[in-house]
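The values are calculated or read from the model by the stated rules, or taken from the named source; none is laboratory data. Only a predicted model underlies this, so the values are computations on that prediction, with no experimental measurement involved. Accessible surface areas use protein heavy atoms only, side chains included; no ligands, DNA or RNA. Shrake-Rupley method; radii C 1.70, N 1.55, O 1.52, S 1.80 Å.
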Amino acid sequence: MALPDPDHCITCGDEAVRMRVLAVDETRALGLCEGADGERCTVEMALVDARPGDDVLVHAGTAIA
């Protein structure tokens, strides 16, 4: 039996990605974030206290740290 890949989630196989917060909609707990490659996406922010300019760790569309 192969050991799980330590760089990916054991449950879903996704990996966490560092992203920069560009804007936060506090009413909906959503943030516009940008990855190192310049790609932007909407991220669920309810688990973290982040402001524009902060870096967050995003897993499966949710900021977790």
Residue by residue through segment 21-38, the couplings from Karplus 6.51 cos²θ - 1.76 cosθ + 1.60 with θ = phi - 60°, in Hz, x for Gly and Pro, are 6, 9, 7, 10, 9, 5, 4, 9, 6, 10, x, 8, 10, 10, x, 4, 7, x
Expressed per residue, the solvent accessible area of segment 10-65 in Å² (1.4 Å probe) is about 65
